[in-house]
Amino acid sequence: MVTAKVWVLKKHFEGFPKPSDFDMKQMVLEDLKDGELLLESVFLSVDPYMRPYSQRDMKEGDIMIGTQVARIVESKNPAFAVGTFAVANRGWRSHFISDGKDLNLLPSSWPESLPKSLALGAVGMPGLTAYFGLFEVCKVKPGETLLVNAAAGAVGSVVGQLAKIGGCKVVGCAGSDDKVAYLKKIGFDEAFNYKTVKSLDEALRKASPDGYDCFFDNVGGEFASIAINQMKKYGRIALCGAISQYNDSVPQKGPYVQIPMIFKELRMEGFIVTRWNDRWKEGQKALLKLVLEGKVKYHEQVTEGFENIPAAFIGMLKGENLGKAIVKV
Ligand code: NDP
């Protein structure tokens, strides 16, 4: 019999999440039945979506939502060998039982040299968000200029690098000078710290005096309101995230988008990466190849210890992560 550790949402977040909103509990797992597997989480992902989705989908006392890379430690299912690694969507649990149907095995071509945690980052959901958002929503073309915010994070850093590979000029912004230095290191043409520039409007104009063809928006709010005025005619905006608004207790007010949308004849489209669930393998294969070739570089912010998941989550929302925020159990 195995006792799993789990983190539950003790209290719905009000404003910014606090450590006291979470509670760690123990849960005794039943012995395996035929067809079942016991898995242990090796890496857990902390992601911005957990903040708005917890509000929408969870009740107090529920186990926190989330994905993990887990290893099969016991198997009563001949289709799954002990030692196999899989991505699962089983929330903040140290161990769990599965019948295998909800597992996505890591691609067989996954090389030993590559951290398996990348299946939660550049070669996982965030990387695919960048891939499909950029090529299917923004539909970037060579020679265009792309703007991406939260650019040093899990999604943004892949967006910028894929756009460079696609022949674009790429402008990114992030919340610290170290992050800006990282963006330049991985090939962004222009990068700036949105927290320290005197005027965001001027910084955007300086980075691309002709404006932007595409804007991959991870942040929303005031940033987006300013950036939209610097779109070129017929520009495309991919609404990926609105992290500047997730912790608001009172919704932010305008400025509103209609005037620049009309006069510049812009196209703005919200998307959720699961729209392309049927193309997951294609995207993952492409990203894995680019990472292995060194064309897409990655960085992970690894927090050690299952007990530190809430701290890693809160830290990520505060911008403490460079690249993908991961917890290593
Ligand atoms: P990141 O790795 O980018 O981490 C979040 C980052 O957001 C922080 O590091 C911080 O960076 C930045 N941030 C936090 N608060 C603010 C703020 N008030 N204003 C500006 N930036 C802020 O996370 P992900 O790459 O996983 O996610 C990025 C965005 O993409 C999120 O909005 C997320 O919800 C969205 N997303 C959408 C998906 C979809 O299917 N539509 C799928 C996956 C993600 P900094 O230091 O630069 O401020």
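A few notes on this one:
- Top-ranked residue in region 283-318 [being open to solvent by 30 Å² or more (accessible area, probe 1.4 Å), within 16 Å of the ligand (Cβ to nearest atom) and part of a loop (DSSP other than H, G, I, E, B); ranked as farthest from residue 53 (Cα to Cα)]: 297
- A Cβ distance below 6 Å, combined with a sequence gap of six or more or placement on separate chains, defines the contacts here; from region 210-225, residues that are within 17 Å of residue 199 (Cα to Cα) reach residues that are within 16 Å of the ligand (Cβ to nearest atom) and part of a strand (DSSP E or B) in the pairs 224/217.
- The residues on offer are 54, 117, 94, 108, and the sole one that is under 21 Å from residue 280 (Cβ atoms) and open to solvent by less than 40 Å² (accessible area, probe 1.4 Å) is 117.
Yes/no per residue for (1) touching a Pro at 6+ places or on another chain (Cβ under 8 Å); (2) in a loop (DSSP other than H, G, I, E, B):
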position: 25; (1), (2): no, no
position: 28; (1), (2): no, no
position: 44; (1), (2): no, no
position: 47; (1), (2): yes, yes
position: 51; (1), (2): yes, no
position: 66; (1), (2): no, yes
position: 73; (1), (2): no, no
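- Just one residue in the set 183, 162 is within 22 Å of residue 221 (Cβ to Cβ) and either touching a residue at least 60 places away in the same chain (Cβ under 8 Å) or in a helix (DSSP H, G or I) (or both); that residue is 183.
- Scan of region 200-238 for residues that are assigned to a loop (DSSP other than H, G, I, E, B), closer than 13 Å to residue 173 by Cβ and either open to solvent by 10 Å² or more (accessible area, probe 1.4 Å) or touching a Gly at 6+ places or on another chain (Cβ under 9 Å) (or both), ordered by number: 218, 219
- For region 257-273, a tally of residues being assigned to a loop (DSSP other than H, G, I, E, B) and in contact (Cβ under 8 Å) with a residue 24 or more places away in the chain returns 5.
- Candidates 69, 42 - the one that is surrounded by fewer than 17 Cβ atoms within 10 Å (Cβ to Cβ), in contact (Cβ under 8 Å) with a residue 12 or more places away in the chain, under 21 Å from residue 315 (Cα atoms) and more than 14 Å from the ligand (Cβ to nearest atom): 42
- Summed over region 173-187, the residues that are more than 9 Å from the ligand (Cβ to nearest atom) and surrounded by 24 or more Cβ atoms within 10 Å (Cβ to Cβ) give a count of 1.
- Residues located in region 92-114, provided they are touching a strand residue (DSSP E or B) at 6+ places or on another chain (Cβ under 9 Å) and assigned to a loop (DSSP other than H, G, I, E, B): 92, 94, 99, 100, 102, 103, 106, 110
The values are calculated or read from the model by the stated rules, or taken from the named source; none is laboratory data. Values in this document were obtained by computation on a predicted structure and should not be read as measured data. Ideal geometry is used to build each Cβ from the backbone, glycine not excepted, and the neighbour counts take in all protein chains shown. Calculation scope for accessible area: heavy atoms of the full protein, side chains included, ligands and nucleic acids excluded. Shrake-Rupley method; radii C 1.70, N 1.55, O 1.52, S 1.80 Å.
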